[in-house]
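Below: the structure, in structure tokens.
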Amino acid sequence: MNIYLEGVLAAMGINILLALSARAILATDRLSLGNAGFMAIGAYVSAYLTVSLGWDLYPAIAVGGSAAAAIGLLVGLPVLRLQGIYFVMGTLAFGEVVRTFFQNFEPTGGAYGMRGMFGTTLTMIYVFVAAFLVLFLALGRSRLGYVADALHDDDEAARSIGINVDLLRLLAFAWGGLIAGIAGALFAHYALYIESGNFNFLVSANAVLFVILGGVQTVWGAILGAVIFSLLPEGLRFLADWRLSAYGVILVGLMILRPEGILTRAMLRRLAGFFVRKP
């Protein structure tokens, strides 16, 4: 496999993890634009552990992801009290605070960034993708998954039947932070160099875009969105300077034609019925 193709597939795997992290929060009817902040925490913490303290990669990834999850719990306590656009702006502010912090934090390189990380392989990225996919599918079929569906559809009705809405959203925020933190750790040790600009607002926006356009109703929609919109810019390279314009036109057209996303639960049921149908 050539280096270019491997790089595209690695970026796609990282994007899948980011889409899963965004969907973890969206599943509780909250839209977060702070996932880039969680990604930055996982990246810088794991990089500091491996480069400065000489840790092995896997423990560093685990600690980086756990640090992002812990910050998710702390930040979620005040931010989840906000509603609607105020919640979105609160998460956006969190992401920018984290980015600015690492831009000025000298132990991790400050504005010069951090280098010297290595060890992530393409296989490793997709092992994490597969592991989180299995976890999402298992949670979706569990009581917790049904509770999250009820919360997403109508939080007031969910409260009325005894569901602890605030706790569930807090756990979802931490769960999304864990996945984004691990994605950041994998990214740092694959890219070999990171700077605060790698974790700007567009990273969070793209993660949400993958989920919404792919289909928020199912985890497969988030994965499909990440795959399509990771590969699409590469497929449009032949348009040269018009590539981003064509990309934007496709996004707008898709939002108009498929406002519910490319993949829905009804479509999945039809596909499942087609493949299991007896001849």
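The values are calculated or read from the model by the stated rules, or taken from the named source; none is laboratory data. The structure presented is a predicted model; accordingly, all values stated were derived computationally and were not measured. Ideal geometry is used to build each Cβ from the backbone, glycine not excepted, and the neighbour counts take in all protein chains shown.
Some values worked out for this structure:
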quantity: Gly253 closer than 21 Å to Ile16 by Cβ, modelled with pLDDT of 80 or more, out of contact with any Gly (no Cβ under 9 Å at 6 or more places or on another chain) and surrounded by fewer than 13 Cβ atoms within 10 Å (Cβ to Cβ); calculated: no
quantity: Qualifying residue in the range 209-227 (condition: surrounded by fewer than 16 Cβ atoms within 10 Å (Cβ to Cβ), at pLDDT below 90 and either part of a helix (DSSP H, G or I) or of a type in the set (A, V, I, L, M, F, W, C) (or both)); calculated: no
quantity: Residue selected from the range 52-61 under the condition in contact (Cβ under 8 Å) with a residue 24 or more places away in the chain and assigned to a helix (DSSP H, G or I), by the criterion surrounded by the most Cβ atoms within 10 Å (Cβ to Cβ); calculated: Ile61
quantity: Unique residue being aromatic (Phe, Trp, Tyr) and either touching a His at 6+ places or on another chain (Cβ under 8 Å) or buried (at least 16 other Cβ atoms within 10 Å of the Cβ) (or both) when the list is Phe101, Phe94; calculated: Phe94
quantity: Helices (runs of 4 or more DSSP H) within the range 102-172 that include 1 or more residues modelled with pLDDT of 90 or more and within 30 Å of Leu53 (Cβ to Cβ); calculated: 122-140
quantity: Hits in the range 112-160 (condition: closer than 25 Å to Leu73 by Cα, β-branched (Val, Ile, Thr) and either free of Cβ contacts under 8 Å to residues at least 12 places away in the same chain or touching a strand residue (DSSP E or B) at 6+ places or on another chain (Cβ under 7 Å) (or both)); calculated: Val134
quantity: Qualifying residue in the range 34-51 (condition: among the hydroxyl-bearing types (Ser, Thr, Tyr) and surrounded by 24 or more Cβ atoms within 10 Å (Cβ to Cβ)); calculated: yes
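Residue-wise test of (1) part of a loop (DSSP other than H, G, I, E, B); (2) under 20 Å from the mean Cα position of the chain (by Cα); (3) modelled with pLDDT of 90 or more; (4) more than 21 Å from Val208 (Cβ to Cβ).
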{"position": "Glu6", "(1), (2), (3), (4)": "no, no, yes, yes"}
{"position": "Leu17", "(1), (2), (3), (4)": "no, yes, yes, no"}
{"position": "Ala22", "(1), (2), (3), (4)": "no, yes, yes, no"}
{"position": "Leu33", "(1), (2), (3), (4)": "yes, yes, yes, no"}
{"position": "Gly37", "(1), (2), (3), (4)": "no, yes, yes, no"}
{"position": "Gly64", "(1), (2), (3), (4)": "no, yes, yes, yes"}
{"position": "Ala67", "(1), (2), (3), (4)": "no, yes, yes, yes"}
{"position": "Val75", "(1), (2), (3), (4)": "no, yes, yes, no"}
{"position": "Met89", "(1), (2), (3), (4)": "no, yes, yes, no"}
